[in-house]
Amino acid sequence: MNTNNLSIGLFGFGVVGKGLFDVLHSTPTLQASIKKICIKNNNQPRSIAAENFTTDAAVLLDDESINVIVELIDDADAAFIIVKKALQSGKAVVSANKKMIAEHFEELYELQQKHQTPFLYEAACCASMPIIRNLEEYYDNDLLQSFRGIINGSSNFILTKIFQEQVEFNEALLQAKALGFAESNPILDIGGFDAANKLSILLAHSFGIIAKTDRFIFNGIENISLHDATVAKEKKFSIKLVANAQKLKNGKLAAFVLPQFVTEADDLYHVHNEFNAITTESSFADKHFFKGKGAGAFPTASAVLSDISALRYKYKYEYKKIAHQTDTILSNDYYLKVFVSIDDITKVDRNDFEWIEEWHNEYNYSWLIGVVHAEKLFVSQWWKQQGVSLIACPDAVVENIEYRNISKRSLQLAGVV
């Protein structure tokens with residue numbers, strides 16, 4: 001690829017696409033320009049001349065003078081077709097489509113190896129926060145033990161509004177949509193799908209594990225209530241949607257995305273609104289904390305711009321963790337300490353719990369804290385029902401369950417059975 005001048009074919013001109021267009025015009029020294037923009041609907045009024053646009057993908061993909069394809073559309077299936085064709089044609093690709101990447105990671109990885117074509121996607125995970133390149137480069141040889149973080153800006157914005165302003169969930173969601181923080185289909189954010197896709201991608205760069213989202217537990221924040229927020233405040237906790245990946249003592253890896261109670265001593269406690277943050281822990285460097293805006297036009301466009309800039313010096317991911325994969329296996333063989341609130345006690349599968357530490361009943365609202373095996377949550381769905389809220393406790397992963405034999409007695413003492 002000729003890196004003297006980057007000629008860009010841009011797919012998508014929504015919030016991020018328009019942001020990239022504006023950012024590129026503010027950085028003329030980059031020597032990168034958008035030659036043509038492919039859009040879905042040519043009937044909408046645009047802020048730039050009509051000749052810049054086309055609805056025909058082939059105009060961009062077949063143009064030999066275009067050496068970079070930037071894919072910023074929200075259709076994962078269409079995005080994969082575009083990216084695959086571009087890589088096969090020898091064009092470098094920059095994408096922000098986390099769903100597409102998570103669902104097709106293995107094939108995209110193989111395409112890069114076969115065609116030796118760069119495919120960069122920093123913006124797909126945490127917008128302006130450069131976590132992928134840090135996992136790729138800084139933690140190249142340092143043995144990563146865990147990472148956990150807030151990787152969905154929309155959900156964090158909503159939870160901030162609920163906690164700090166006592167705003168009802170639906171009103172907070174409307175505010176997130178109005179500010180351009182939410183996906184075009186907001187269930188991707190509030191249902192935990194967006195964060196799960198990002199965790200899937202980060203697992204490959206941190207531990208060399210290629211795993212789709214159906215391999216681990218995940219949920220969103222749509223069932224979090226003001227009652228849950230009140231309980232959290234009484235315990236001096238906040239609630240965040242947190243992605244976790246942690247090496248277990250047996251060498252296997254636990255990974256999940258769940259709402260989680262965080263303490264005031266936790267760095268994530270102080271991350272508000274659309275900000276993302278990740279804490280890493282490694283064998284030699286100990287702990288690092290990354291924080292940055294995780295949603296919005298310019299923060300996301302800045303990550304896209306960074307990837308475009310990296311193409312100037314022929315940068316591409318080396319996927320060293322995948323290439324040197326040892327025996328790390330993603331597993332659901334661990335236990336979680338969780339808070340569960342319900343509007344109807346019959347919705348709880350009490351047999352799932354090893355033991356229960358607290359149980360409180362109120363009118364139309366009951367809650368408990370107990371320990372449950374992750375595999376039981378993985379195969380069951382009772383905790384995803386409307387009216388049920390499951391929140392991981394601080395230090396949620398439990399490896400030592402010496403009390404498992406008294407689980408039935410614990411349930412009886414709690415008045416549950």
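So here's what we get for this one:
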{"item": "Residues of region 1-48 classified as small (Gly, Ala, Ser), touching a strand residue (DSSP E or B) at 6+ places or on another chain (Cβ under 8 Å) and under 19 Å from ASP74 (Cβ atoms), total", "result": "3"}
{"item": "Matching entry among ILE158, ILE210 (being farther than 16 Å from ALA127 by Cα and either without any contact (Cβ under 8 Å) to a residue 24 or more places away in the chain or in contact with an Asp or Glu (Cβ under 6 Å, 6 or more places away or on another chain) (or both))", "result": "ILE210"}
{"item": "Flag for ILE66 being closer than 17 Å to ALA86 by Cα, touching a residue at least 12 places away in the same chain (Cβ under 8 Å) and part of a strand (DSSP E or B)", "result": "no"}
{"item": "Region 38-59, subset surrounded by 10 or more Cβ atoms within 10 Å (Cβ to Cβ) and small (Gly, Ala, Ser), residue nearest to the chain's Cα centre (by Cα)", "result": "ALA57"}
{"item": "Test result for LEU174, out of contact with any helix residue (DSSP H, G or I) (no Cβ under 8 Å at 6 or more places or on another chain), surrounded by fewer than 19 Cβ atoms within 10 Å (Cβ to Cβ), in contact (Cβ under 8 Å) with a residue 60 or more places away in the chain and not polar (S, T, N, Q)", "result": "no"}
{"item": "The listed residue being in contact (Cβ under 8 Å) with a residue 12 or more places away in the chain, closer than 24 Å to SER146 by Cβ and under 22 Å from the mean Cα position of the chain (by Cα), out of TYR335, TYR317", "result": "TYR317"}
{"item": "So LEU159, is it outside the structural domain of LEU108 (by TED's automatic domain parsing) and out of contact with any Lys or Arg (no Cβ under 8 Å at 6 or more places or on another chain)", "result": "no"}
{"item": "Options ASP189, ASP140, ASP228: the member that is in contact with a Leu (Cβ under 9 Å, 6 or more places away or on another chain) and either more than 15 Å from ALA277 (Cα to Cα) or surrounded by fewer than 20 Cβ atoms within 10 Å (Cβ to Cβ) (or both)", "result": "ASP189"}
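The values are calculated or read from the model by the stated rules, or taken from the named source; none is laboratory data. On a predicted model such as this, the values are computed, not experimentally measured, just so you know. Counting neighbours? That spans all protein chains shown, and the Cβs are built from the backbone with ideal geometry, glycine included.
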